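The values are calculated or read from the model by the stated rules, or taken from the named source; none is laboratory data. Since the model is a prediction, treat every value here as computed from it, not as a measurement. Because the Cβ atoms are built from the backbone with ideal geometry, glycine has one as well, and the counts that use them run over all protein chains shown. Just so you know, the surface numbers come from the protein's heavy atoms only, side chains and all, with ligands and any DNA or RNA stripped out. Shrake-Rupley method; radii C 1.70, N 1.55, O 1.52, S 1.80 Å.
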There are 2 protein chains.
Amino acid sequence: MSKLYLITGPAGVGKSTVSKELAESKEKSALIEGDDIYNQVVGGYVYPWEEGNHLDTFQKICNSTIETYLEDGYDVIFNYIIEPEDLEIYKKEFKKYDIKFVVLLVDEETLLLRDKERPTDCQMHERCIELLNEFKEYNFSENNIIDTSNLKVEEIVNIINNEKRFLI
Amino acid sequence: MSKLYLITGPAGVGKSTVSKELAESKEKSALIEGDDIYNQVVGGYVYPWEEGNHLDTFQKICNSTIETYLEDGYDVIFNYIIEPEDLEIYKKEFKKYDIKFVVLLVDEETLLLRDKERPTDCQMHERCIELLNEFKEYNFSENNIIDTSNLKVEEIVNIINNEKRFLI
């Protein structure tokens with residue numbers, strides 16, 4: 001049966017890289033980058049953290065896209081910022097399926113190093129530390145967290161694929 | 001009421017550029033790049049023109065995404081290769097809405113010049129002429145065609161926005 005992988009964590013931690021390699025490790029998979037869907041809106045675009053954003057429309061599109069792939073037998077890797085209340089939406093919406101929820105964290109020093117390796121216009125500098133701290137405050141279960149500070153991408157993918165603790 | 005714009009034409013004609021500028025000309029719009037949705041599949045990816053492709057899953061996702069945006073009051077710009085039989089699907093699926101169907105064509109010489117301006121790994125060289133000829137053979141109505149050879153992007157967008165002949 002197809003599985004849903006929800007991959008989250010602060011900006012710069014390596015969500016996209018891990019998600020892509022996780023998707024590549026599967027026989028039949030779809031990779032959904034939440035940012036790409038959010039950015040389909042052009043005229044009337046509002047940032048997700050601002051009033052008047054289109055997170056409602058976004059959520060409907062993500063849900064129907066994920067559902068279609070799962071029904072058609074694809075493992076789905078969904079990469080986006082997921083807060084505790086969002087997690088409840090996905091648990092309810094996809095309760096028929098196995099869901100692995102993975103929070104990628106990292107120490108501050110490593111996060112700043114990874115930030116420097118990104119394209120210049122994507123670098124967040126000190127701001128990424130604030131986002132890291134916000135994520136820590138969500139108090140997600142230790143079962144769902146990977147400290148990626150000393151791990152290679154392939155090691156992270158192996159942990160996600162092999163450890164049952166991520167199931168919610 | 002929100003409108004659906006179906007933008008098609010051979011590779012290299014400038015569909016993405018026109019679609020983006022068309023989306024930017026609207027107060028509230030969503031731009032759906034068909035290729036980006038098709039390429040969400042990672043494990044088990046098959047090219048659209050090969051046997052075992054996932055065009056069925058792709059079509060379901062495109063339809064539900066377009067529908068959600070239209071219902072939520074967005075003009076939708078959908079950019080993909082659309083063949084005559086695909087057009088019937090969209091006409092039926094979105095009959096509640098105004099649909100403008102736009103086929104961008106170009107002369108061979110200009111197409112080869114535009115192809116040379118693309119990033120090296122996207123260039124198609126002589127192959128783009130074959131695709132242009134395939135498109136001409138679809139015999140779409142003259143009402144839906146724009147010869148873009150001597151037009152700037154903003155002129156093309158104005159034609160799409162102002163001429164009623166594209167409505168299907």
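Dipole size in debye (nearest 20) for the protein assembly as shown around its Cα centre, Lys and Arg Cβ +1, Asp and Glu Cβ -1?
In debye, rounded to 20, the protein assembly as shown gives about 580.
Starting from the 7 Å offset along Cα-to-Cβ, what nm value, one decimal, do you get for the label separation of B:N162 and A:E137?
Once both label points are built, they end up 5.3 nm from each other.
For A:Y138, place a label point 7 Å out from Cα along the Cα→Cβ vector, do the same in each other copy, and report the separations in nm, one decimal, smallest first.
Here A:Y138 shows inter-copy label distances of 4.2 nm.
Which loop trypsin sites (Lys or Arg not before Pro) in segment B:121-168, with loop taken from DSSP, have no more than 11 other Cβ atoms within 10 angstrom of their Cβ?
Loop-located and lightly packed - B:K152.
Can you work out the PRE-style zone for A:I129? Point 7 Å along Cα to Cβ, and I want the residues of segment A:6-22 with backbone N under 14 Å.
none
Considering only the label points, 7 Å along Cα→Cβ from Cα, what distances in nm to one decimal separate B:E155 from the same position in each other copy, shortest first?
Listed shortest first, these distances are 6.0 nm.
List the GluC sites (Glu not before Pro) in segment A:62-168 that DSSP assigns to loop (not H, G, I, E or B) and whose Cβ has at most 13 other Cβ atoms within 10 Å. Which are they?
Those satisfying the criteria are A:E117, A:E126, A:E163.
For segment A:1-80, what is the convex hull volume of the alpha-carbon atoms per residue, in Å³?
In segment A:1-80, the Cα convex hull volume per residue is 91 Å³.
Quick one: what Rg and Dmax do you get for the protein assembly as shown from the alpha carbons, in Å?
21.6, 62
Quickly work out the A:D36-to-A:D121 label distance, labels modelled 7 Å from Cα along the C-beta direction, and quote it in nm with one decimal.
1.8
Could you please point out the chain B residue with its Cβ nearest to the axis of the rotation taking chain B onto chain A, and the distance in whole angstrom?
Per the Cβ-to-axis criterion, the result reads B:S64, 2.
Chain pair A, B: how much accessible area is buried, both chains summed, with a 1.4 Å probe, in Å² to 100?
That pair of chains buries around 2000 Å² in total.
Per residue of chain B, what 222 nm ellipticity follows from adding -39500 (n - 2.57) for every DSSP H run with n ≥ 4, rounded to the nearest 500?
For chain B, the value works out to -13000 deg cm²/dmol.
Could you pull the Cα extents of chain B along its three principal axes, largest to smallest, in whole Å?
42, 41, 28
Would you mind listing how long segment A:61-136 runs along its three principal axes, going by Cα atoms, in whole Å with the largest first?
Sorted largest first, the three principal extents are 40, 24, 18 Å.
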